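Input: a single structure, listed below in structure tokens.
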Amino acid sequence: MAPETHLGGDATATDKAKDADVAVVPDGGHDGVGGGEHNKLSLVPLIFIIFFEVAGGPYGAEPAVQSAGPLYALLGFLIFPFIWAIPEALVTAELSTAMPGNGGYVLWADRAFGPFSGSLMGTWKYVAAAINTAAFPALCADYLARVVPAVDGGSPRVATIVAFNVALTVLNYTGLTVVGWTAVVLGLASLSPFLLMTGAALPKIRPRRWGGVAADKDWKLFFNTLFWNLNYWDSVSTIAGEVERPGKTLPKALVAAVSMTSLGYLLPLMAATGAVDVSPDRWGNGFFADAAGMIAGRWLKYWIEVGAVLSSIGLYSATLSSAAFQLLGMAELGLLPRAFAVRAPVFRTPWVSILATSAIALAMSFLSFNSIVAAANFLYSLGMLLEFAAFVWLRIKRPDMPRPYRIPARLPAAVALCVVPSAFLVFVMAIAGWKVYAISAAFTAAGVGVYYLMRFCRDRGCLGFSVRDDAAGDHGMGMDDGRTAYQQRQGHDLRPIVSFLAGPRWSILTHARLLFGALRAPANLGAALASSRSSSPATSARQPVGVDNTSRRKFDKEEYLERARQREQREKEDARKGKDRGPPVQRQPLKHRDYEVDLESRLGKTQVVTPIAPLNQQAGYYCSVCECVVKDSANYLDHINGKKHQRALGMSMRVERASLEQVQRRFEALKKRKDPSTFTEQDLDERIMKQQQEEEERKRQRKEKKKEKKREQAAQHEPEDIDPDIAAMMGFGGFGSSKNQR
């Protein structure tokens with residue numbers, strides 16, 4: 001068991017393991033992959049990214065008062081974090097630190113239940129995130145329209161939404177560090193007016209106003225508002241691979257973000273409902289700005305409206321980052337084409353995933369999608385149910401999995417922790433309308449289709465995919481050994497694109513061919529560009545053909561040392577737990593081979609071997625027990641007499657210890673063989689005579705072979721028949737034997 005820490009507990013155990021980030025593979029061996037250590041997210045930016053992924057401030061909490069009244073709104077935002085936000089944050093903290101790779105919940109579902117569940121989880125969560133992302137540019141335009149009425153419609157509104165989308169896409173392209181510190185500035189700017197409003201409202205608060213209730217309660221709107229404003233705590237898991245020391249940073253950031261978000265809703269609601277005496281019907285979207293104007297004046301109203309715009313910017317940026325890195329994680333798992341894992345040359349951000357998510361969000365920003373937004377909540381609920389199931393499943397099947405942070409609860413308490421929010425999820429899904437069910441079913445069917453389409457493309461080689469290692473564990477049974485294959489990162493240096501595409505003698509067809517090849521195999525893009533450009537006479541002299549020298553492999557020595565230390569620690573723990581293990585496997589003792597070893601049947605034969613030929617038809621000696629091919633007879637004998645082969649046969653390397661009766665029977669058999677009474681002189685004479693005959697036969701065969709060899713040599717040296725007259729004319733008529741002529 002890996003060292004553990006608990007929220008608010010002692011962290012000395014993890015200090016011994018250097019944050020216990022054991023199973024994270026270094027940056028994949030490519031230059032700059034993973035953003036580099038200098039681009040890792042630290043604690044403070046991560047807190048505000050989580051804050052904007054979940055809330056972004058109390059904006060949007062007004063419908064809770066409108067639907068049920070101040071009393072139920074305050075109780076909801078006081079109790080609901082304990083029912084929903086804290087359990088989701090705890091599950092996220094444990095699984096994110098156990099598997100700190102990009103992709104988050106997709107990685108968890110994949111490890112627990114297999115690639116189909118991982119792909120379906122990715123579809124549900126990505127659709128929900130894309131719909132949420134698409135809402136923020138339109139919301140920002142609506143807030144700006146209050147200050148600049150010209151933005152209310154037409155071309156100015158379209159230009160505002162497009163400019164908003166493009167600017168924040170560029171911001172995300174520059175890296176998560178820039179996004180994180182931008183979120184810090186935006187968070188402080190959007191929360192500060194509410195702090196001022198709370199301070200200004202203290203003298204005007206009347207506690208009796210907190211007990212008001214709405215005349216006509218809309219519980220569906222009430223619970224959807226609570227759910228909408230306090231979910232998406234697990235979104236940070238998709239960028240866990242970009243966090244500095246995730247084993248310590250993620251739990252601390254989640255604790256701080258839960259506290260800041262809960263107080264960020266509760267304090268402004270208490271101040272506004274206690275200081276302003278209005279009916280719940282007036283609490284529509286944007287009423288916080290009106291309440292601030294009533295409490296402190298118009299200047300605070302405008303500040304809150306500006307803060308709403310800043311909050312929309314932070315919400316869009318954080319959600320876009322989370323969705324883009326989810327696509328990156330799915331590509332690294334082989335669930336999407338490898339092109340989605342391509343990183344930018346300088347900032348090391350997944351630019352293909354960012355552009356794809358930004359384009360989808362921009363297209364949906366111009367739609368009217370009230371039912372689609374409700375369907376996003378439904379799909380998110382399905383994903384959360386699968387996420388809780390993966391958490392419980394991994395607790396049951398992999399209790400020994402290293403968890404730098406572990407929820408301080410045994411299995412029954414951990415199951416109970418998931419039951420309450422799961423019941424609420426089922427309730428939220430049950431109150432949805434038929435349109436939501438239809439839209440959610442359509443998206444789910446599309447997710448199933450995407451999984452099988454990607455599987456078809458991978459099998460046919462239509463697109464390039466990262467290599468999966470499903471043998472690493474039975475969907476979670478070999479997490480520690482399979483984590484390496486899980487978190488492989490494909491870094492691709494695209495700097496040659498600009499220089500080569502700018503060169504002369506390049507046609508549009510050549511550009512299209514290389515770009516299509518990049519989609520199929522981005523890892524070989526640099527080599528393809530180098531070999532294609534080398535055909536130009538101007539560059540063939542200075543650039544080698546077919547050499548990919550666009551990147552240099554690097555290793556993080558500290559991370560490998562950390563992994564070695566933790567491996568030693570696990571070995572020590574396994575040694576201490578050796579007494580608690582079950583009985584050892586009983587193998588049969590070593591026995592005599594009951595078959596003849598065939599070493600000569602295929603000698604001197606010619607065989608055509610193809611790359612796709614089965615192992616038993618390839619060159620060498622095939623072992624059907626171990627399903628391997630050995631190239632020469634000496635190694636083959638070593639193999640079949642070795643430990644691995646004998647274990648596969650169910651035998652150990654120990655010889656059976658003979659009993660007393662077996663030794664006695666052996667002695668009796670030897671005595672019978674040496675008993676003189678069993679031999680006669682006649683038998684001995686016959687054996688001697690037989691041996692002499694065999695020796696004479698061998699001598700006769702040797703003589704015959706020698707005579708045959710001499711006859712062949714004489715036939716080779718015998719001169720050809722030549723006409724005597726011609727031989728005399730040429731001067732060598734006297735050559736040859738005169739005996740034959742006579």
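Observations, loosely collected:
- Average accessible area per residue (Å²) across segment 181-235 - probe 1.4 Å, nucleic acids and ligands excluded: 49
- Extending 7 Å from Cα along the Cβ direction at Asn641 and again at Asp574 yields two label points whose distance is 3.0 nm.
- Subtracting the Cα-Cα distance of Trp181 and Leu561 from 0.36 nm times their residue separation leaves 133.7 nm of extension gain.
- Per residue, segment 604-651 exposes 68 Å² of solvent-accessible protein surface, assessed with a 1.4 angstrom probe and all protein chains in place.
- Per principal axis, descending, Cα span of segment 238-372 in whole Å: 58, 40, 29
- Scoring 411-419, 230-238, 611-619, 266-274 by mean Cβ neighbours within 10 Å over their residues and listing the highest first yields 230-238, 266-274, 411-419, 611-619.
- For Leu590, the residues whose modelled amide H falls within less than 5 Å of its own, excluding neighbours fewer than 5 places apart on the same chain, are Ser652, Arg654, Val655, Glu656.
- J(HN,Hα) series, segment 197-209, from Karplus relation 6.51 cos²θ - 1.76 cosθ + 1.60, nearest Hz, glycine and proline x: 5, 5, x, 6, 8, 4, x, 9, 6, 10, x, 4, 5
The values are calculated or read from the model by the stated rules, or taken from the named source; none is laboratory data. Note that the coordinates shown come from a computational prediction; the quantities given were computed from them, not determined experimentally. Methodologically, a virtual Cβ is constructed for each residue, glycine included, from the backbone with ideal geometry; neighbour enumeration extends over all protein chains shown. SASA here: full protein model, heavy atoms, side chains in, ligands and nucleic acids out. Shrake-Rupley method; radii C 1.70, N 1.55, O 1.52, S 1.80 Å.
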